[in-house]
Structure formats: C-alpha cells, structure tokens
Amino acid sequence: MKKITCFLFLFLFIGNSIFAQEKSIKNVIVMIPDGTSLSALSAARWFQRYNHPEITKLNIDPYLCGTILTYSSNAPIGDSAPTTSCYMTGYPSRAGWVSTYPTADSNPNNDILPVDTSKAYQPLMTVMEAARITRNKALGLVVTCEFPHATPADCMAHSYSRSKYEWLAPQMVHNGIDVVIGGGVSILKPEMKAFLEKEGYGVFLNDITHFQNYKGNKMWALFKDTDMSYDIDRNPAEEPSLAEMTQKAIEKLSQDEDGFVLMVEGSKIDWAAHANDAAAIISDMLSFDKACGVAFDFAEKNGETLVIVVPDHGNSGFSIGSNKCPQYSTLTKDELFGPISKFKTSADGLVRRLQQTEASKLKEVVLELTGIELSDREYQQLLECADYNRSSLTNEERMKGSKLTKTAAQILDSHTCFGFTTGGHTGEEVFLAVLDPTSNRMTGHHTNIELNQYLRQSLGLQQSLESLTDEYFAKHTRVFNGYTYTITTQENVPVLEVKNKKNKLVIRPNTNIVLINGQEHALNSVVVYVDKNNTFYLPQSLRKLL
Ligand SMILES: [Zn+2]
C-alpha cells in the first residue's frame, strides 16, 4: 500500500510538472510608459503613498524583474521611433525611423551593431504584424498621443520619418488593427474613416458614450484633435482614462479565439518629462500604473496572457531631490511631496487657464490651481510673457509662442524640490516588469534585441520575422522582374503600374488595396514606398496576380 501511495504521489508530481511545462501563451500585452526613467516610477509611488498612506505599492511592483538596454542604431540615447522599433522588429534603427532598417552612420564606427547597407530603408515586419498574418491574432493599440505618433506607429507602420503622418496614418488604418483607442481625430481623414466603416469598424470621434457602449469588437475610438489630455487635466466626461481604454480594448480583443496582441502606451509621461513638469509626470505615471493593474488582473485570471511593462527610453534626468533646494537630502516627505500634491493641473493646463484670465486675477487662479502664492517677481514674469494676452489672436496662434508655457513650468518647478538635468531623452537602461504564465519569464538585464526575441518566442512565431519581411516587404524590382513596370507621380502620390500580357496591376503606397484590371484586391499587409530609393516594398505574392 505504501508503495502504491508513493507511486501515486510520484505520478501526480510528474503529471503536474508536465502540465506546468505545457502552459502556453495565447495573448500578449506590451505596456510602454514612454520616456520613463526609474525615478518617475519612484516619484509616483511616493506621491501615492503620501496621499494614500495605506497604498504602499504600485500595480507594477510585484512584477518588476529586470532592466533593458535601449538605444538607436548609431547612438546610446534613442527616441521612441528607433527604440520601440527594436522591440517590435529586433533591429535598432536611426533617430526618427519607424520599423525600418537603418542606413549606416557616415562614420560606421558609430553604429552600435554592424549595419548591412544593402538593406537600408527596408521596412521590417513587426511582431504584431506577424502575429496577425501568421497566427491570426487580433491586434490592439491604446495610446494617449495621436495614433500615428512614433510608438504606436512602430507597431504597425513603416517609414524613415516619424513625422510623416500622411504615410503612417493610412498604413495604420489599412493594417488590420482590430482596436485603436487614442488621440488624433484631426489626423483620421474622411477617406480613412470611410474605409474603416466599410470594413465594419465602429468609428467614434470625440464620442465617449459610443466608445463606452459599442457592442461590436472592431473599433477605432479617437479623442481630441491630436494628443489626449494629461490625466491631471482630463475631463472624464469627454476623455476616458488609460485604464478604461485598456479595459475596453481587452474586452473586445479577448473575444478572438486565436488570442490577441495589445500595445498600451502611457504616451505623455514622456511629454511631461520634456516639459520638466513633475506633477504631470507623476499623474500620468499613476494613470499608466492603473492601466497596468487592468492588464495584470486580466492576465492573472486568464492564465494564458503574457504582460510586459517596459519604457522605450529615459527622459529628463528627473530626480527626487534637487540642489535648487538647500539641504535637499534631509527634506521630509511633507516638504518633498506636500507642495506638488496641491497641484490640480499640468503646466500646460495652467497656461490654458491663464490665457483666459484677466491680469488682475492671475495670482488668484495660480493659487487656486497649484496652492502657490505667486511672488511679485513671478507675477511680473507671467505678465511679461510675449504670448500672454487676451487680444483677438486665435488660441492656436497664441500657443505658438512657448514663452508662457515655459515660464509657467519654471515657476511650478521652482516651488518643488524635484530635479531635471535636461528637457530631452537620456540613455540609462529602463525597468522591466513581466507576468509570464510559462516558466520562460524574462528576468535580469537584457538588450532591446533580446526583448524582441522574447516576444517572438512567446508568440510562437513559426516563421522568422526576417523571412516574413522578405515575403511581405519585397522590393518591386525583384517581385516584378521580367515584367514591364513604371512609377509615375499622380497628384503627388507615386503610383506603380505593372503589365503582363492583358493584365494590369496598379499599386499605391500606404494601403493594403491594389487594383488588378481595375478591380480592388485586398492584401494581408500594407504597401510601403520609399522615395529615397524610389522603391515599392510589397508582397511577393502580387506577382501571381498577373
Ligand atoms: Zn519615447
């Protein structure tokens, strides 16, 4: 009997461990707090604890497990375009380049890794594109910036210039993303909206009610003309929180039986850092942490979901403590976190209010929104801002001068003891937090390229991204070798026409629709055109249409 019991236990033990090994990943959620140095995480945690002593931890905390080295192809300090590109494709690229193979630096010695010059400008397949094309996964993007901004564009579009929204936006519209929630109403042109509606999407622009109540699973919901508000300035009747957007995206995407890949970006932690605005950094970081809580809760219950939280780069040299405050290292928690806890606005939001305020009421409004009693000198500084006036200038014209914004940010900053070394990006490694239902959880220090490999493995991509790039982004000269083809410019758009006997193929860039003998044919990927080398990048399978 004893023996049998032993065997039984042994069997259960082995059985259990085999079972544990077999867990697989169906869904992946990548959470990117943009431009977030570790100090932003620390400041947010302290701030929360100061205001809610019972909450000593962030939602991210239990999952923190390592750091990631992130850089562009030829410099240790990257911007969002090449850094998230690398997470998505496995290749770091040049400043401003979106999921596109880099050119070599003019001094190749500056390239962090060797660059193959024959691949310059090559659009690179992303893990999200590959997950849809090869594994039929549903895809989602949730951001607070405008939707074609660098980080979301890196996931589902390709260009050597992050500022070319006229190329990136239509690529994203045509790339089969099931759920997009973010900013950028003014960027979604009528023809893009019409295309999405024809494809069966619910498209909601500045329409929180339909965003909240829509029953369909395919949705584009955009708020604000470009970027959404900082969380501290957000009107919940008009704009959802990042947590609510994340919840909604998961609710829709998890209906797909093949699983999903979702990228959620806390886009404007980065913008707040650029503005050296500590209150906006902290409040957007806490808003992002709530969204992480939603993702972790779903993943813990679901059991087949990988969640990765990782910034794309550091920003601003933000620090808790600054030598502008005498003996700052002995400041109490009240001295460090008391003043900023009274802020009810970002510097941006304060400026918008000041612009609507009579000069005689400036002090009153600043006190109401920040708890700061302006000195006469500070009051004078605001009055002397070139762009502060209540003239007939439009709001947009007024906002072009950044002087009031800068002055307001400096005044707010001078009443706290947080420090900044720069208004730009920084090159330190970034934190990593992971919930992995399998035994392969990534821990320790890794590179941006290794993070991409982890994503590839976790998604179980059978075909390599390199071979998918070759199959879906092949040069037109190779695909149509032996056929007659021409590239002409029609209404400023390059058009590729290919002929073979009686068949004619007409191809325009930044869409998944081609015309074969005048009939629309939908591709499973987007066509990319690069003017630098006058080349269309498109699927090899197009040759078979002729
Ligand atoms: Zn960034």
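Averaged over its residues, the chain has an accessible area of 44 Å² per residue, based on protein heavy atoms and a 1.4 Å probe. Hey, quick one: spin label on Arg441, modelled 7 Å out along Cα-Cβ, who in region 45-77 has an amide N within reach, i.e. under 11 Å? So the set is 62-66. Per residue of the chain, the DSSP helices (runs of n ≥ 4 H) give a summed -39500 (n - 2.57) that works out to -11000 deg cm²/dmol at 222 nm.
So, with a 1.4 angstrom probe, what is the percent of accessible area on the chain that is carbon and sulfur?
Taking all protein chains in place, the chain shows 51 percent carbon and sulfur surface.
The distance between label points at Leu367 and Ala194 comes to 5.7 nm (points 7 Å beyond Cα on the Cα→Cβ vector). Spatial offset of region 132-177 relative to region 275-331 amounts to 24 Å, using the alpha carbon center of each.
A convex hull fitted around the alpha carbon atoms of region 161-264 yields 108 Å³ per residue.
Net charge in the neighbourhood of Leu69 (other residues with Cβ under 15 Å of its Cβ; Lys, Arg +1, Asp, Glu -1) is -4.
Relative protection proxy for 534-540, 88-94, from highest mean packing down: 88-94, 534-540 (other beta-carbon atoms within 10 angstrom). From the alpha carbon centroid of region 190-244 to that of region 426-453 is 31 Å. For the pair Glu335 and Ile487, the difference between a 0.36 nm per residue extended length and the Cα-Cα distance amounts to 48.2 nm.
Along region 334-339 the Karplus relation, 6.51 cos²θ - 1.76 cosθ + 1.60 evaluated at θ = phi - 60°, assigns HN-Hα couplings of 5, 5, 7, 10, x, x Hz to successive residues, with x for each Gly and Pro. Sequentially through region 189-203, phi angles give Karplus couplings (6.51, -1.76, 1.60; θ = phi - 60°) of 5, x, 5, 5, 4, 4, 4, 4, 5, 5, 7, x, 7, x, 10 Hz, Gly and Pro residues having no value and appearing as x. With the convex hull of the Cα atoms taken as the outline of region 405-516, the averaged projected area works out to 14.9 nm². Phi angles of region 417-432 translate, via the Karplus equation with coefficients 6.51, -1.76, 1.60 and θ = phi - 60°, into HN-Hα couplings of 10, 8, x, 9, 9, 6, x, x, 6, 10, x, 6, 5, 10, 6, 10 Hz per residue; Gly and Pro are given as x.
The stretch between Glu300 and Asp61, if pulled fully straight at 0.36 nm per residue, gains 84.6 nm over its current Cα-Cα span. If you count Lys pairs in region 474-545 whose Cα atoms are under 16 Å apart, skipping same-chain pairs closer than 8 places in sequence, the total is 6. Mean projection of the Cα convex hull over all viewing directions, computed for the chain: 32.7 nm².
Just to confirm a number: summing +1 for Lys and Arg and -1 for Asp and Glu over residues other than Val143 whose beta-carbon lies under 10 angstrom from that of Val143, what do you get? For residues surrounding Val143, the net value is -3. Taking every DSSP beta bridge with both residues inside the chain, roughly what % is antiparallel (nearest 5)? Of those bridges, close to 55 percent are antiparallel. The per residue volume of the convex hull around the alpha-carbon atoms of region 474-545 is 86 Å³.
Estimated from the Cβ-Cβ distance and a Förster radius of 51 angstrom, the FRET efficiency linking Lys532 and Tyr50 is about 0.50.
Across region 211-282 the C-alpha pair distances fall into 10 Å bins from zero in the proportions 16, 45, 28, 10, 1 percent.
Relative to the 2.2 N^0.38 Å rule of thumb, region 346-390 has a C-alpha radius of gyration ratio of 1.02. Extension gain, Lys324 to Ala359, is 9.7 nm, computed as 0.36 nm per intervening residue step minus the present C-alpha separation. Once backbone amide H atoms are built at 1.01 Å from N, Leu262 has Val28, Ile29, Val30, Gly140 as its partners under 5 Å, excluding neighbours fewer than 5 places away on the same chain.
The values are calculated or read from the model by the stated rules, or taken from the named source; none is laboratory data. Everything numeric here is computed off the predicted structure, so don't read it as measured data. Note that each Cβ is placed from the backbone with ideal geometry, even for glycine, and that neighbours are counted across all protein chains shown. SASA here: full protein model, heavy atoms, side chains in, ligands and nucleic acids out. Shrake-Rupley method; radii C 1.70, N 1.55, O 1.52, S 1.80 Å.
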